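Here's the structure we're looking at; comments come further down.
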Amino acid sequence: MTRTDPLDVPRPDAQLHFGVFFQGVNHWTVWSDPASGSQIDPANFRRVAQTAERGLFDAFFLGEGLRLREVDGRIHDLDVAGRPDAITQLAALAAVTDRIGLVSTSNTTFNEAADLARRLSGLDLLSEGRAGWNVVTTDNAWTGANFRRGGYLDHADRYRRAEEFLTVARALWDSWADKAVAGSADAPAWAAPGAVRQVRHQGPQFDVDLAPTLPRSAQGHPVIFQAGDSGEGRDFAARNADVIFSAHGNDFDDALAFADDLRRRLRAVGRPDDDLRILPGTEIIIGATEEEALEKKRWIRLQQVTPATALGIAGLLWGIDLFGRDADGPLPKEDPVVAENDGSFGARRIADPRQVVAEWREKADANRWSLRETVIALGPQRGHVGTPEGLADKFAHFVRHGAVDGFNVTPYLIPDGLDDIVDHLVPALQERGVYRTDYTGTTLREHLNLRAPLTHRTATA
Amino acid sequence: MSGPALRLALEIDGDGAHPAAWRRAAHSPDQLLSPRRVARVAAAAENAGFTLLTLDDGALPPGTGPDVVGRIGAVERAAFIAASTSVVGIAPVVPLTYAEPFHVSSQLASLDHISIGRAGWVVSEEARPEAASVWGRPLVDGTVARARESRDGVEVVRELWDSWEDDAVIRSVATSRYLDRDRLHYVDFTGDTYTVKGPAIVPRPPQGQLVVLGSPERVPADQLDVAFVEGRDLTAVTASASAAGTPRTFAEVEVALDTAHATAEERVEDLERHGSWSDRGRLRHIGSAAGLAVLLRELRGVVDGVRLHPLVLDEDLPEVSRLVLPHLFERRDAVRPLAGASLRTHLGLDRPANRYAVAAAAQEDVR
Ligand SMILES: Cc1cc2nc3c(=O)[nH]c(=O)nc-3n(C[C@H](O)[C@H](O)[C@H](O)COP(=O)(O)O)c2cc1C
């Protein structure tokens with residue numbers, strides 16, 4: 001076993017956890033390659049989940065978006081789009097996998113607590129304790145046009161609703177006593193008398209008075225993930241989540257700062273600071289040598305950032321429709337427009353586009369980059385590139401220093417994009433003692449080495 | 001016998017049609033919700049030759065009174081079954097009284113993708129007032145209001161299934177376009193109580209439109225592919241079937257069969273001590289397997305199929321599989337589904353053309 005860090009690192013025994021994030025809607029999945037398969041064929045979902053399970057991953061993740069993305073009022077046509085409902089797809093995967101966790105991104109703004117809690121319970125029972133729920137809030141109002149209630153809820157209210165949503169969901173999940181269900185047909189009733197509590201909740205968002213339909217699963221109830229980056233989002237995670245799915249996993253210092261921030265927030269709400277797993281989303285590009293890996297990255301970036309996509313990304317920064325410009329030419333001459341957030345998918349979250357554009361100009365001039373080359377070099381960055389050994393050393397360093405607990409990997413190719421990782425990176429991590437060599441439990445909660453659900457703590461731990 | 005051969009459907013919710021069925025099940029009560037149990041029932045029914053499995057559901061616990069029985073959502077069970085079977089059709093019950101049609105549309109389209117075209121949908125209602133609180137919506141009160149929600153809901157779900165044309169994913173490397181946005185459509189649905197924009201987030205289902213089943217008393221007949229028809233005797237069923245106005249009709253048949261250990265009568269009596277098998281106005285056969293075969297043969301030509309509701313799945317399904325279905329298949333009174341075909345194909349229903357593609361083609365013709 002090679003140890004790359006000395007034993008006096010903060011977490012010498014820390015283990016890396018992997019999830020696979022089957023994004024479904026994005027421009028990072030290379031769809032133009034001949035090896036790229038259908039994004040809706042169930043065989044490909046099965047293939048990815050089974051490969052991840054072969055690689056002893058903790059979880060298989062699905063994202064969610066409840067309206068097709070638009071740019072300037074027109075359906076965005078460049079990226080992969082069209083995907084199954086997450087819980088429905090995961091219930092199917094429960095039948096063809098044994099161990100891997102199954103995590104659904106499901107938002108709290110356009111669902112109802114009792115309905116979603118029941119669906120998630122069903123997934124948890126059908127997978128015998130492997131369900132997870134990535135709580136998201138939907139950061140736009142236009143999604144509301146697809147729902148009875150219409151567009152609604154500003155940022156602060158979304159988290160308030162999310163919190164009350166979780167309270168109701170947990171009350172439903174906890175409403176059946178352990179061993180409530182009869183062990184034999186001679187019992188007085190299917191569920192022991194008094195073992196099922198009526199759930200009554202009255203609050204600003206929910207008014208529920210309900211006899212719940214389902215007992216607990218092998219892991220108590222689904223593992224709670226959270227994905228949201230604002231202060232409110234992080235506080236919400238500190239109060240409620242078992243895992244945070246972050247966007248801080250590329251750079252060590254940034255990841256560590258994020259992790260330290262979360263640990264502070266955990267302590268502030270009275271939780272142990274190792275109570276939350278941090279799994280940033282990432283892309284992993286592997287080559288037999290550094291050069292090969294970099295060459296592969298160049299190729300992948302060119303597939304991901306096509307001329308049209310480059311114009312789209314730059315258009316968001318400039319706040320100008322750049323359609324029809326030459327992506328292989330120089331940067332637009334115009335100054336960026338500092339626009340109000342119009343609530344559509346085109347909305348920018350760039351604090352100061354003028355400053356960013358000035359930086360882009362400077363670097364593009366110095367390196368003689370085209371617009372597309374500039375977007376690839378300076379636009380949204382993601383992921384890790386290297387040899388299996390180099391990446392294993394790097395990840396061991398990340399995890400042993402408490403910057404992350406693992407990664408939620410986005411394969412750039414469906415369905416084979418995980419093969420490299422499972423076949424080459426996982427063994428290198430195992431050699432370093434930083435990755436499990438077998439599943440040691442059967443539930444997602446066990447894989448993640450989590451304590452009992454937050455609502456069960458007083459009784460059990 | 002005249003008429004096309006029957007298609008056979010089986011209701012597999014819980015432990016059987018009787019509210020106390022769990023007391024005669026072959027497994028312990030706490031195994032009812034286990035994946036092994038769900039998969040085993042589906043496999044037994046598929047092997048027996050059923051064309052369609054239906055899964056009852058509702059937001060509240062099934063049954064009445066204090067004897068709560070747990071129930072996993074029908075869509076989740078259906079998806080699980082879809083991945084563990086290969087031939088049989090699967091239709092979950094999904095009521096639209098309160099649910100969001102956009103979610104329902106996505107879930108069912110996904111089920112059709114997962115099953116590669118074996119999915120159906122039984123449209124039902126949430127009649128119990130407590131169900132309103134599950135969705136935080138005002139009570140939808142009375143049959144008229146519930147029918148309105150079902151009608152609008154089925155309409156918008158069907159429109160959403162068509163909102164992607166079959167070939168909307170073009171993967172055009174030359175133009176960098178994954179989608180052809182001209183083949184995606186806003187449905188801009190306006191119903192009595194809400195609007196839905198669209199398009200769907202799930203590509204068009206493999207069958208184009210899932211097979212929609214329900215009661216023509218609650219859902220307009222022109223929105224249904226298959227009507228479930230009731231009636232306590234053959235005359236009543238014949239009348240309901242001829243009045244249905246849907247492409248296909250299935251008769252509802254409740255069944256309790258004699259077994260090696262007890263007669264059908266004894267089995268019913270045993271369970272009636274714990275609760276009553278309420279009369280829903282359906283055909284009911286309590287007796288021998290041979291008697292059931294005779295009844296089913298009589299239904300051939302009256303309806304296109306039957307849906308069996310066994311008293312206790314673990315007791316009646318083996319008897320039906322062993323003593324009833326083989327004879328029906330042998331004499332071609334009923335047919336087994338074929339591997340690789342869609343549920344629509346099994347029911348002799350065409351795959352519907354996409355409404356937008358049809359409209360676009362018509363435009364072309366005018367020009
Ligand atoms: C890594 C990551 C993944 C996310 N995935 C989804 C998703 O699949 N669907 C979704 O609706 N929102 C997703 N979100 C959005 C968040 O749930 C949230 O709505 C958004 O970040 C705004 O909240 P915030 O201001 O707290 O960051 C994701 C966010 C992050 C950071």
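Sort through A:32, A:36 and tell me the only one that's more than 16 Å from the ligand (Cβ to nearest atom), of a type in the set (S, T, N, Q) and over 21 Å from residue A:20 (Cβ atoms).
After applying the criteria, what remains is A:32.
Are any residues in the range A:121-145 within 16 Å of the ligand (Cβ to nearest atom) and out of contact with any Leu (no Cβ under 6 Å at 6 or more places or on another chain), and if so, which ones?
Applying the first criterion (within 16 Å of the ligand (Cβ to nearest atom)) to the range A:121-145 yields A:132-145.
Selection gives A:134, A:135, A:136, A:137, A:138, A:139, A:140, A:141, A:142, A:144, A:145.
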Of everything in the range A:94-125, what is free of Cβ contacts under 8 Å to residues at least 12 places away in the same chain and more than 10 Å from every other protein chain (Cβ to nearest Cβ)? Give them in sequence order. none
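Residues are listed down the side, and each one gets a yes or a no for (1) within 16 Å of the ligand (Cβ to nearest atom); (2) farther than 23 Å from residue B:187 by Cβ:
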site	(1), (2)
A:54	no, yes
A:62	yes, yes
A:66	yes, no
A:92	no, yes
A:99	no, yes
A:117	no, yes
A:149	no, no
A:152	yes, no
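Taking helices (runs of 4 or more DSSP H) that do not extend beyond the range B:296-367, which have at least 2 residues that are among the small types (Gly, Ala, Ser)?
Working: elements: B:313-319, B:325-330, B:343-346, B:355-366.
The qualifying helices (runs of 4 or more DSSP H) are B:355-366.
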Kindly indicate whether any position in the range B:182-191 is assigned to a loop (DSSP other than H, G, I, E, B) and aromatic (Phe, Trp, Tyr). yes
Only one of A:275, A:254 that is at negative phi, at pLDDT 95 or above, out of contact with any Cys (no Cβ under 6 Å at 6 or more places or on another chain) and outside any helix (DSSP H, G or I): A:275
Checked the range B:162-185 for anything over 33 Å from the mean Cα position of the chain (by Cα) and among the aromatic types (Phe, Trp, Tyr); matches are B:178
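Specify which of the listed residues (A:110, A:165) is within 15 Å of the ligand (Cβ to nearest atom), buried (at least 21 other Cβ atoms within 10 Å of the Cβ), in a loop (DSSP other than H, G, I, E, B) and of a type outside the set (Ser, Thr, Tyr).
Values: A:165 fails: in a loop (DSSP other than H, G, I, E, B).
One residue alone meets the criteria, A:110.
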Can we say residue A:19 is over 24 Å from residue B:92 (Cα atoms), touching a residue at least 60 places away in the same chain (Cβ under 8 Å) and out of contact with any strand residue (DSSP E or B) (no Cβ under 6 Å at 6 or more places or on another chain)? no
How many of the residues making up the range A:101-138 are at pLDDT 95 or above, among the aliphatic types (A, V, I, L, M) and farther than 10 Å from residue A:222 by Cα? 5
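Within the range B:44-63, can you find the residues that are of a type outside the set (A, V, I, L, M, F, W, C), closer than 30 Å to residue A:187 by Cα and away from chain A (no Cβ under 11 Å)? Let's see the steps before the verdict.
Of the range B:44-63, the ones of a type outside the set (A, V, I, L, M, F, W, C) are B:46-47, B:49, B:51, B:54, B:56-58, B:61-63.
Those left that are additionally closer than 30 Å to residue A:187 by Cα: B:54, B:56-58, B:61-63.
Of everything in the range B:44-63, those that are of a type outside the set (A, V, I, L, M, F, W, C), closer than 30 Å to residue A:187 by Cα and away from chain A (no Cβ under 11 Å) turn out to be B:54, B:56.
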Just one of the numbered conditions (1) within 16 Å of the ligand (Cβ to nearest atom); (2) surrounded by fewer than 20 Cβ atoms within 10 Å (Cβ to Cβ); (3) under 20 Å from residue B:114 (Cβ atoms) is not true of residue A:86; which one? (2)
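Answer with yes or no whether residue A:387 is closer than 22 Å to residue A:298 by Cα, surrounded by fewer than 23 Cβ atoms within 10 Å (Cβ to Cβ) and among the hydroxyl-bearing types (Ser, Thr, Tyr). Working first, answer last.
Numbers: closer than 22 Å to residue A:298 by Cα: yes; surrounded by fewer than 23 Cβ atoms within 10 Å (Cβ to Cβ): yes; among the hydroxyl-bearing types (Ser, Thr, Tyr): yes.
So residue A:387 passes the test.
So in the range A:27-53, with the set limited to residues that are aliphatic (A, V, I, L, M) and buried (at least 17 other Cβ atoms within 10 Å of the Cβ), which one is nearest to residue A:380 (Cα to Cα)?
Initially, the range A:27-53 is screened for residues aliphatic (A, V, I, L, M), giving A:30, A:35, A:40, A:43, A:48-49, A:52.
Restricting the remaining residues to those that are buried (at least 17 other Cβ atoms within 10 Å of the Cβ) gives A:30, A:40, A:48-49, A:52.
Details: A:30: 16, A:40: 26, A:48: 25, A:49: 27, A:52: 26 Å.
Filtering the range A:27-53 for residues that are aliphatic (A, V, I, L, M) and buried (at least 17 other Cβ atoms within 10 Å of the Cβ), the one nearest to residue A:380 (Cα to Cα) comes out as A:30.
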Look at residue A:73 and say whether it is at pLDDT 95 or above and away from the ligand (no atom under 16 Å from the Cβ). no
Taking only the range B:326-358 into account, find how many residues are of a type outside the set (Gly, Ala, Ser) and out of contact with any strand residue (DSSP E or B) (no Cβ under 8 Å at 6 or more places or on another chain). 16
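If I filter the range A:228-259 down to residues being out of contact with any helix residue (DSSP H, G or I) (no Cβ under 8 Å at 6 or more places or on another chain) and among the aliphatic types (A, V, I, L, M), which single residue comes out as farthest from the ligand (Cβ to nearest atom)? Spell out how you get there, then give the answer.
Start the filter on the range A:228-259 by keeping residues that are out of contact with any helix residue (DSSP H, G or I) (no Cβ under 8 Å at 6 or more places or on another chain), which leaves A:229, A:231, A:241, A:243, A:245, A:247, A:250-251, A:253-254, A:256-259.
Adding the requirement that they be among the aliphatic types (A, V, I, L, M) leaves A:241, A:243, A:247, A:256-257, A:259.
On the way: A:241: 12, A:243: 11, A:247: 5, A:256: 17, A:257: 16, A:259: 15 Å.
Looking at residues that are out of contact with any helix residue (DSSP H, G or I) (no Cβ under 8 Å at 6 or more places or on another chain) and among the aliphatic types (A, V, I, L, M), I get A:256.
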Hey, does the range B:219-234 have a residue that's within 19 Å of residue B:347 (Cα to Cα) and within 14 Å of another protein chain (Cβ to nearest Cβ)? no
Can you tell me which of (1) in contact with a strand residue (DSSP E or B) (Cβ under 8 Å, 6 or more places away or on another chain); (2) facing chain A (nearest Cβ under 9 Å) is the one residue B:126 doesn't meet? (2)
Are there any pairs with C-beta distances below 8 angstrom linking a residue in the range A:126-147 that is charged (D, E, K, R) to a residue that is within 13 Å of the ligand (Cβ to nearest atom), with the two at least 6 apart or on different chains, and if so which? A:139/A:155; A:139/A:158
So residue A:156 fits all but one of (1) part of a loop (DSSP other than H, G, I, E, B); (2) surrounded by fewer than 20 Cβ atoms within 10 Å (Cβ to Cβ); (3) within 16 Å of the ligand (Cβ to nearest atom); (4) over 18 Å from the mean Cα position of the chain (by Cα); what number is the exception? (1)
Of all residues in the range A:275-299, which are touching a Gly at 6+ places or on another chain (Cβ under 9 Å) and away from the ligand (no atom under 16 Å from the Cβ)? A:285, A:286, A:287, A:290, A:293, A:294, A:295, A:296, A:297
Pair list, Cβ < 6 Å and 6+ apart or interchain, from the range B:318-332 residues that are among the hydroxyl-bearing types (Ser, Thr, Tyr) to residues that are in a helix (DSSP H, G or I): B:321/B:48
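Any idea which of B:94, B:75 is at the interface with chain A (Cβ under 7 Å from one of its Cβ atoms) and under 14 Å from the mean Cα position of the chain (by Cα)?
Numbers: B:94 fails: at the interface with chain A (Cβ under 7 Å from one of its Cβ atoms).
Answer to the selection: B:75.
Can you say whether residue A:218 is within 14 Å of chain B (Cβ to nearest Cβ), over 21 Å from residue A:395 (Cα atoms) and surrounded by 15 or more Cβ atoms within 10 Å (Cβ to Cβ), as far as the supplied structure shows?
Details: within 14 Å of chain B (Cβ to nearest Cβ): yes; over 21 Å from residue A:395 (Cα atoms): yes; surrounded by 15 or more Cβ atoms within 10 Å (Cβ to Cβ): yes.
Yes, satisfied.
Could you please let me know if residue A:314 is in a helix (DSSP H, G or I) and not acidic (Asp, Glu)?
Numbers: in a helix (DSSP H, G or I): yes; not acidic (Asp, Glu): yes.
Yes, satisfied.
The values are calculated or read from the model by the stated rules, or taken from the named source; none is laboratory data. What you see is a predicted model; the values in this text were computed from it and never measured. Positions of Cβ are backbone-derived with ideal geometry, glycine not excepted, and every protein chain shown enters the neighbour counts.
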